[in-house]
Amino acid sequence: MFVHKNQLEHLLKPEHYTSERFFQKELDHIFLPGWHLVAGMGELSKPGSFVTAELFGTPIIVSNFDGKLSAFMNVCSHRHCLINSDRKGQLKQFKCQYHGWEYKADGSTGKIPEANCFRPFDRENAKLKRFPLATCGELVFISLAEDPPSLRDYLGDCFDEIAGRFSGPSQFNMSWDYEYGTNWKVPVENTLEAYHIPQLHPTSFLGVYPGEDYSTHTLEESHTRLEYNIREYWLVYRLLRRGVLLLGGKLTNTYIHHHIHPNFVVIFVDLHAYAFSYVPVTSGTSKVRLITYSFRGKKRNPISWITWLISKYFGKRSVLQIALEDAAIFSDQQRGLESSPHPGCIGTLEERLYFFQKFVLDQCGESPE
């Protein structure tokens, strides 16, 4: 059941999605102090493996050297070039692509071509800038803050649930990055409501949004949660049930959608776990990083192996199909926001948006007009 029985005020105005002034407030008060998803351990499991990312204009490289994860600014201390521009890969050490300066696992300089040209050399100040790194299960997060809260405190009460679903009997499936021509709040708000399903997802969701009698909303200042009993969709329920039994799992029949303010979303069904991080780039552009894990279970036989491969394939295909169907509307949404004279409104089916918008305003020190 929904908590509210009447429509709610749309707290954010169109200028909150387009204003450079407000965008800078969001960066300063919401994003720079927090934690941000950058990878799954499946991408960093091999010695020397690395991933790169860019957060709020800061290039990052995360690596696994000597079995230890580290995050550094992806900028050479010599002449400021990106050390590596590949999305991911495997290296014996960091080596700048421009002049070949090498860096050790702790970020200190290693081999420097024609090193005698740089005497006297200040090795301490030539170290790569390091960033705080923490994990929740096999999800890897970094912070740009010098002294951030613990990741456990940041993720709150759902830390253990997330850790359990992105580790153990579930294994890394894929990561995916996509850029949107819209403010970061547009895709976040899209994932918080099902009202758009009949229009945007006529086949992928069978064109029907979850019924209120099968849904439960939890609304808190720092997060909101949807729990949905998928028995309403009998065909989906039967397919998931069969897959869980063949893999030796526990059937819950539940779809869980958890939004941890401001921009981290996890979705759980019995066979899959999805993590989304929506990252602002400019006031009118954003990107998403998606990491998926699929339930492998404990059974080891040909049938369970085939079941897992099929499950991974459809788990990947379905989430990408839905994500791309959503993305197709975002640029038009942004264009409308740039011109809209309307205050907007929020229906009871969309009530999670109200709590998200209130969080954004509160953190930025502003009040609804």
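Provide the convex hull volume over Cα atoms per residue for the chain, in Å³.
146 Å³
Could you compute how fast the range 250-336 diffuses translationally, taking Rh as the Kirkwood radius over C-alpha pairs and applying Stokes-Einstein at 25 °C with viscosity 0.890 mPa s? Give it in µm² per second. Display every interim value, and only then the final one.
Values: Rh = 15.0 Å.
Translational D for this selection: 164 µm²/s.
Looking at the chain as a GNM with Cα springs under 10 Å, which of 165, 289, 123 has the largest mean-square fluctuation?
123
With springs only between Cα atoms under 10 Å apart, run a GNM on the chain and tell me which of 87, 296, 130 wobbles the most.
Answer for the Gaussian network model of the chain: 87.
Size of the dipole of the chain about the Cα centre, Lys and Arg at +1 and Asp and Glu at -1 on the beta carbon, nothing else charged, in debye to 20?
Working: 39 positive and 41 negative charges, 419 e Å.
Around 2020 debye, computed over the chain.
With +1 on each Lys and Arg Cβ and -1 on each Asp and Glu Cβ, how big is the dipole of the range 38-148 about its Cα centre, in debye rounded to the nearest 20? Don't jump to the answer; show the numbers that get you there.
Working: 14 positive and 12 negative charges, 72 e Å.
I would put it at about 340 debye.
Using every Cα-Cα pair within the range 38-148, state what percent have a distance larger than 19 Å. List each step's numbers first, then the result.
Values: 2554 of 6105 pairs.
Here the long-distance tail beyond 19 Å is 42 percent of all Cα pairs in the range 38-148.
Name the residue from 133, 116, 81 whose Cα lies farthest towards the positive end of the charge dipole of the range 38-148, charges +1 on Cβ of Lys and Arg and -1 on Cβ of Asp and Glu.
Of 133, 116, 81, it is 116.
Identify, among 245, 353, 284, the residue whose Cα sits farthest towards the positive end of the charge dipole of the range 231-369, taking +1 on the Cβ of Lys and Arg and -1 on the Cβ of Asp and Glu, with the dipole about the Cα centre.
Final value for the positive-end residue is 245.
Could you list 317, 352 in order of exposure, starting from the residue whose Cβ has the fewest other Cβ atoms within 10 Å? Please report the intermediate quantities before stating the final value.
On the way: 317 11, 352 25.
Lowest count first: 317, 352.
By residue number, which cysteines of the chain lack any other Cys whose Cβ falls under 4.7 Å from their Cβ?
81, 117, 136, 158, 345, 364
When the Cα atoms of the range 190-276 are enclosed in a convex hull and the volume is divided per residue, what value in Å³ results? Don't skip to the answer; put the middle values down first.
Details: hull volume 8.8 nm³, N = 87.
So the per-residue Cα hull volume is 101 Å³.
Report the gain in length on full extension from residue 20 to residue 157: 0.36 nm times residue separation, minus Cα-Cα distance, nm rounded to one decimal.
46.0 nm
Along the range 176-181, what does the Karplus equation 6.51 cos²θ - 1.76 cosθ + 1.60 (θ = phi - 60°) give for ³J(HN,Hα), rounded to whole Hz, x for Gly and Pro?
With the stated coefficients, the range 176-181 comes to 8, 10, 8, 9, 10, x Hz.
Could you order peptides 97-110, 265-278 by the average number of other Cβ atoms within 10 Å of their residues, highest first? Intermediate results must be reported in sequence, preceding the final value.
Details: 97-110: 16.1, 265-278: 22.2.
By packing density, highest mean first, the sequence is 265-278, 97-110.
Going down the list 92/250; 46/316; 68/312; 95/299, which pairs span over 31 Å between their C-alpha atoms? The partial results should precede the final answer.
Details: 92/250 41 Å; 46/316 23 Å; 68/312 28 Å; 95/299 43 Å.
Correct reply: 92/250; 95/299.
Run down the lysines and flag those whose C-alpha is under 26 Å from the C-alpha of residue 358, throwing out any fewer than 8 positions away in its chain.
Hits, sequence-local ones excluded: 5, 13, 25, 185, 287.
Bear in mind that the values in this text are calculations on the coordinates, not laboratory data. Treat the numbers as computed from the prediction; the structure is a model and nothing was measured. Note: ideal-geometry Cβ built from the backbone for every residue, glycine included; neighbour counts use all protein chains shown.
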